[in-house]
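As C-alpha cells, the structure follows; a few thoughts come after it.
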Amino acid sequence: MLLAGLACCLFAIVVANAVSAKHRAAALACTGSVGCALIFVAAGRALLDGRVSTFHTSSILPLMGFDLTLDPLGALFVAVASFAGVAALIYSIGYAHDELRSRPALSLLMLFVISLVIVPVASSVATFMFAWELMAVSSTLLIVVEHRRRPEARIAAQWYAAMTQIGASFILLGLLLLSSKDGGTFVEVTSHATGLSLTVRSCAFVLTLIGFASKAGAVPFHVWLPKAHPEAASPVSALMSGVMVAMGVYGVVRVGYGLLGGGVLWWWTIVVALGVASALFGALHAATSIDVKRLLAYSTIDILGLVLIGVGCSGALTTTGHPGVARLALLGALTLVVAHAAMKSLLFLAAGAVERASGTRSLDQLGGLIRRIPVTTALFCVGALSLVAVPAFAGFSSEWLLLQGLLHGFVDHHALTLIVLLAGVVALALTGGLTAVALVKAFGIGFLGQPRSSGASEAREVPWSMHAGMLMLAMPCVALGVAPGLVVTALDRVVATVETGGGSLVKPGIGLALTHLHGMIEPMFLLALFAGIVAFTRTVSSWRRAPARHVEAWRGGASQPTSRMQYTATSYAEPLQRVFVDVLRPEVDLEVTHAVESRYYEQSLSYESQVDDAVERLAYLPALRRITRAGESARRLQNGSIHRYLAFGLVALIIVLVVLA
Amino acid sequence: MIADALAYAVTASLIQVAALALGAPLLIGVLAKVRARAEGRVGAPISQPLRDIRKLMSKERLRVEYSSVVLALTPVVVLGATTLAVAISPLVTTHPMLSGSADAFVIVYLLLTGSVALALGGLDTATAFGGMGSSRAITIGALAEPALLVAVVALSIQAGSSNLPAIVTATLTHPVWASTPTRLLALVALVIVIIAESGRLPVDNPSTHLELTMIHEAMVLEYAGSDLGLVTLAAAMRLGLLLALLASLFVPWGIATGTSYPALLVGVFFLALKASILAVGVGLIEVHSAKLRLFRVPELLAGGFVLAVLAVITDLATR
C-alpha cells in the first residue's frame, strides 16, 4: 500500500507536467493527495497493529538496492509527513502562481513530499542517505524558486545548502563507522554495532547527532533555519518547519535507540544541552522577531529544543535504569513532534495566506486583519493558541506529558541525570512565557487593532482551497487537545517498540491518565465546564441589557487617534528586548536632531533596532571570513607557472610512493 | 454512590466559586483598608470593591469603535478561565469537581490563558494605552511564569505528583513537609510571583492612572460598564485564587478531606481566615514598598526564579 501510494505520488508529477498551467496545481494536488492518503492509511495500519513490513530490491551493483521498512516508529513520521503533505498540496492549489506554478517547481514540491515519506522508512544506509539528500536538494531548490522577486532567497538557499550538506556528510561519516562489510541495512548495522567498542560507537553517535541536530535546527547549528524557512514559499516552509525538522529528531531516536541501542549517559547529556540552548535561544528570538515567518521559524527552534530535551532525558533515564519514566519522557517528546507538525504547518500556511492577502509579512505593516480576512484569522488563532499551550489545545496536552516525564524522572538518584532533568524543567518553564509573548504579538499586532499599511487595510480573503489546507491542519490541533488520549495511546505503542523496558504508562481513554503514577487531565470535561461558565457569565452580564454601544477611544484630549499611535511589534517586544539585552545583543540606532534654537528641543528623531542572530554574528561570520582568507592565500599556489605545477605533481607522487612503501 | 460523590463535588465547586466571587473583592477591600490604616486614614469600608463591581454591572457597556469580537469576548474568557481554575482547585475541600484534572500545570496555564486574553484585548482597542499595558503585562507575566512553574515543580517532586489535591493530602499526612527548606524557598518564590501576577505593589500600582507607571490599568482602560465589572471581578478572583492556593498548599489544615457537607462550611471558614491573614500580609508588603521601575521588576522576578530553582535543588539534595 505504501508502494502504491509512492507510485501514485510519482504519477502525480507526470500528470502535473502534462496539464496546462491553469490546472497544474489542482491536478498535482488531486493525484498527490490520493497517493499521500494511501501512504497515510498504510502508516496508520502499521501504527495500530504494530506490524513491520519490508520491501527490498536487490541489484548487481553494491549500494544500489532499495531497502524500505515500515515499522511503528517510522510509520509515525510517515503519517505526520503524508498528512501535512496533503494539506500543503491542497493549499498550493490556491497559493501557487507565477514561479511556483511552473512545471519544475510543482514537481519539486511533490518530490519533497515523497522524500519526507521515504526518509523514515529507509532501512539501509544507502537508501537513507539517498532519501536524505533528495529531501535536502528538493527543498533547497524550492527555496530559490522565487529568487527573482526576492534576492534574499538566494542567500538563504546558499546558507541552507551549505549547512545541510555539511550535516549530511557528518551523518554519512557516522553511519559508515557503524556499517559492516556484510551490508548496510539497519538490521545488519545494529548487530554489527553491538560488537564495536564504546569509542567507535560514541564517535558515530556524536557525528550523526551533529548532522541530525543541524536538521532539527538545534543551536548552534541553527543559523540556516531562520533564513531558509521564511524565504521558501509557504507550503514549502510549512513542510520544512512542521515535518522536515522532525526528521532530525527521528534520526536521533533511530540511531541512538535503534542502531546503537541506548548508549551511555553523556551522549544524552549532549542532546539535552543542545535542546536547552535551542529552546531558550529560539523562544527569545521568536519573542523579538518582527517578520511573522521568521518569528515562526525561531519558534520552531524553540519547540524542537523541547523535543530534544524530552528525547535526551528519556535516553538519560534509560541508561540509569528507569525505563518506565524514560518511556513517558519519550512519549511526551513524540507527542510534541506530532502536535508541532500540525500547529506549525498551520501557522506557516496562515502566514502565507496573510502575505498573499496583504502583500507583507512584517508585523509592523499589518493590523486589523480580523475584519478583512476573518477565516484566516480564526485559523491562525487556533494555531497560535495551540503553540501558547492553552489547555484543550494540542500544545498543552503534549507539553503536559513532557513535563510529567521530566517530573517523575526525579526519582532517579544519579547526580548527572538530576542536573539534566532540572535543566530541562528550567528550559521548559522559561520558554512557556516567552512563547506566549511571541504569539500574542503575532496575533494581536498582526490581526487586531487598526491596519498599519495600505496593504493590510485592503487585504482580500484567500481562495477556499487555501482555507481547506489550513482547516485540515487545524483539526488535529483541536483534536489532540480535546481528546489527546486517542492519539497518545497509539503513540504509546510506538514508544513501546523503541524503549522496550517498562510497562505502558498511559491508560487508554479520551483524556490523559498515567498508570502507576498520580497524574491525569481530562481536557474535554475542562472545556465543557469552561463553556458552561462562559455561557452563564455572558447570559447574566447581558441579561435584559442594550447591546454594547461603539464609541471613540479615549484620547486624553488629543486629536483623532491614528493607526500610527498603536503599539507596533517592535515596541511591543521592546521591554523584553531590553531585559535580555545581553543575550540578544540588538543593534540599536537612535538619532536625534536638535532644533537650531535650543538643544533641549528635538527637531526629528529616528530609531532603528535590529536583532541579529548573535550566534551567526559571533561564531559563523568570523569563521567564514577566516575560511575566505585561507582560500585567498591558497590562490597564491596557483600563479600560472607550469613549472610550479609540475613540481607539485612530483612532490605528490613522492609522497604517495612513500606512503605506499 | 457515584451520584452522591458527584453531588458533593458539584456542591463543593459551587461553594468555592461563590466564596471566591464574593470573598475575593472583600480581600481587595482588606488590602485597601490595611493600607489606609497604616497611612493613618480611616479608608473605605471593606465591602467597597464589591459595591463598585455591582455598580459597574448595571452600567451601560461602551466599546471602542475599531474593536473586534476579541474585545467583546475578553471579559468572559478571562473570568471563565479564572472561575474554572477556582472550581477545580482544592480550596475548601480536596474533592471538588474534576479534582483529578486539577493539575498544577493546568491551573498555571489557565491563568496564562487569562493573561493572554487580556493582552489581546488590550491590543484590540487600537490605542497606545492598550498596547502599552498589554506589552508590559505580558512581559512581566512571561518573566513570572518560570518562577511559578519551577516553584510548582518543587512542590510536585516532593509529593510525587503535580496533582494539587494530591499535594495537599500529602502535606496533611506529612506535616513535617510544611516546614522543610524546600517549602520555605518555594513559598517566598510564590509570594513574589503572586505580587507580580496580580499587579500589586511593588510591581504594579493598582490605584494609579499615570501612563508612565500603569500596567494592568492601561490594558483595561477602554473597558466600561459590565465589561469592566467582569474584568475587575476576574482580577480580584485571580488574587483570591492565588492566595487561597498558597494557603491550601502550605498550611492545608482546616480543608475538608472527606465527603461530609458540614466539613465544607468549616473549610470555607478556614479558607476565609487564612486568605484574610495573607491579604493583610500582602497589604503590609504594599505599604512598606515603593513601586519598582519597570526595568527593575525583572530583577525581582529573577530572584523569585532563583529561589524556586533552589527549592528544587534543596529537595533533591536533602533526600
### Task
Compute the Rg/Rh shape ratio of segment A:176-228: radius of gyration over Kirkwood radius, all on alpha-carbon atoms.
1.14
### Query
Per the helix-only calculation at 222 nm, which mean residue ellipticity applies to chain A, given -39500 (n - 2.57) for every DSSP H run of n ≥ 4 and division by its residues, nearest 500 deg cm²/dmol?
-22500 deg cm²/dmol
### Neighbour-count order for A:Thr417, B:Thr125, A:Thr497, fewest beta carbons within 10 angstrom listed first
A:Thr497, A:Thr417, B:Thr125
#### Entry: Dipole in debye (nearest 20) - the protein assembly as shown, about Cα centre, beta carbon charges: Lys, Arg +1; Asp, Glu -1
760
### Task
Treat the count of other C-beta atoms within 10 Å as a stand-in for reagent exposure and order A:Lys22, A:Lys215 from fewest to most.
A:Lys22, A:Lys215
### Query
Taking the Cα centre of each part, how many Å lie between segment B:152-173 and segment B:280-304?
28
### Task
Order these peptides, B:294-302, B:139-147, A:263-271, by their mean beta-carbon neighbour count within 10 angstrom, highest first.
B:139-147, A:263-271, B:294-302
### Query
If each Cα of segment A:566-661 is one equal point scatterer, what is log10 of I(q)/I(0) from the Debye formula at q = 0.12, 0.14, 0.20, 0.21 Å⁻¹?
-0.70, -0.80, -1.06, -1.08
## Note on the structure
Per 5 angstrom bin, beginning at 0 and ending with the bin that holds the maximum distance, the Cα pairs of segment B:117-177 fall in percents of 4, 17, 16, 12, 9, 10, 10, 9, 7, 3, 1
### Per-peptide average of other Cβ atoms within 10 Å, ordering A:356-363, A:221-228, B:25-32 highest first
A:221-228, B:25-32, A:356-363
### Compactness of segment A:378-455 - radius of gyration and Dmax, Cα, Å
17.1, 61
### Query
For the pair B:Lys291 and B:Ser58, how long in nm is the line joining their label points, each one 7 Å along Cα→Cβ?
3.2
### Task
Find the Rg to Rh ratio for segment A:65-132, where Rh is the Kirkwood radius over alpha-carbon pairs and Rg uses the same atoms.
1.07
### Task
Have a look at segment A:308-378 and give its Rg and Dmax from the Cα atoms, expressed in angstrom.
19.4, 56
### Task
Please work out whether segment B:21-145 counts as rounded, prolate or oblate from its C-alpha gyration tensor, where a ≥ b ≥ c are the square roots of the eigenvalues and a/c under 1.5 means rounded, while otherwise a/b larger than b/c means prolate and anything else oblate?
oblate
## Note on the structure
Computed over chain A, the relative contact order (Cα-Cα under 8 Å, seq sep at least six) in percent reads 12
### Orientation-averaged projected area, Cα convex hull of segment B:199-267 (nm²)
6.8
### Query
What whole-number value in cubic angstrom gives the convex hull volume per residue for the C-alpha atoms of chain B?
129
### Task
Taking 7 Å along the Cα-to-C-beta vector as the label spot, tell me the B:Leu284-B:Ala7 distance in nanometres, rounded to one decimal.
4.5
### Query
Across 5 Å bins from 0, what is the distribution of all Cα-Cα pair distances for segment A:450-496, in whole percents?
5, 16, 12, 12, 14, 12, 9, 6, 6, 5, 1
### Query
Under the definition of partner shielding as Cβ atoms of other protein chains within 10 Å of a residue Cβ, what is the mean value for peptide B:117-125?
6
### Query
What Kirkwood radius, in Å to one decimal, follows from the Cα pairs of segment B:244-306?
14.1
### Query
For segment A:215-280, what's the relative contact order in percent, using C-alpha pairs closer than 8 Å and at least 6 residues apart?
46
#### Entry: Inter-part distance where segment A:310-331 and segment B:12-29 are each reduced to a Cα centre, Å
43
### With eigenvalues of the C-alpha gyration tensor scaled by 5 and rooted, segment A:214-273, Å
27, 13, 6
### Task
Place the peptides A:166-177, A:332-343 in order of packing, highest mean first, counting for every residue the other Cβ atoms within 10 Å and averaging per peptide.
A:332-343, A:166-177
### Query
Taking Cα centroids, how far is segment A:64-85 from segment A:337-377 in Å?
29
### Query
Can you work out the FRET efficiency for the pair A:Val14 and A:His413, with r the C-beta to C-beta distance and R0 = 51 Å, to the nearest 0.05?
0.25
### Message
Longer than 24 Å from Cα to Cα, which of A:Lys344/A:Lys441; A:Lys293/A:Lys441; A:Lys441/B:Lys59 are they? Say none if no pair is.
### Response
A:Lys441/B:Lys59
### Task
Express the relative contact order of segment A:428-563 as a whole percentage, based on alpha carbon pairs under 8 Å and six or more residues apart in sequence.
16
## Note on the structure
Averaged over residues of B:68-80, the number of beta carbons from other chains lying within 10 Å of each residue's Cβ is 5
## Note on the structure
Rounded to whole angstroms and listed largest first, the alpha-carbon spread of segment A:368-500 along its three principal axes comes to 61, 30, 20
### Query
Counting other C-beta atoms within 10 Å, which of A:Arg103, A:Arg201 has the fewest, and how do the rest follow?
A:Arg103, A:Arg201
### Over chain A, equivalent-ellipsoid semi-axes from the Cα gyration tensor in Å
41, 33, 27
### Query
In segment B:18-104, what trypsin sites (Lys or Arg not before Pro) fall in a loop by DSSP, with at most 11 other Cβ atoms inside 10 Å?
B:Arg41
### Query
From the square roots a ≥ b ≥ c of the eigenvalues of the alpha-carbon gyration tensor of segment A:506-611, which class results: rounded (a/c under 1.5), prolate (a/b over b/c), or oblate?
oblate
### Message
Between 0 and 90 degrees, rounded to the nearest ten: what's the tilt of helix B:261-287 against the longest Cα principal axis of chain B?
### Response
50
### Message
How much length would be gained if the chain were fully extended between A:Arg545 and A:Thr497, taking 0.36 nm per residue of separation minus their Cα-Cα distance, in nm to one decimal?
### Response
11.3 nm
### Query
Which shape class, rounded, prolate or oblate, goes with segment A:194-349 when its Cα gyration tensor gives a ≥ b ≥ c as root eigenvalues, a/c under 1.5 marks rounded, and past that a/b bigger than b/c marks prolate?
prolate
## Note on the structure
Placing +1 on each Lys and Arg Cβ and -1 on each Asp and Glu Cβ in segment A:305-439, then taking the dipole about the Cα centre, the residue among A:Ala350, A:His322, A:Val307 whose Cα reaches farthest towards the positive end is A:Ala350
### Query
In peptide B:151-163, what is the residue-averaged number of other protein chain Cβ atoms found within 10 Å of each Cβ?
5
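A short reminder: the numbers here are calculations on the coordinates, not readings from a lab. Quantities reported herein were computed from a predicted structural model and do not represent experimental measurements. Glycine also receives a Cβ, built like all others from the backbone with ideal geometry; neighbour counts cover every protein chain displayed.
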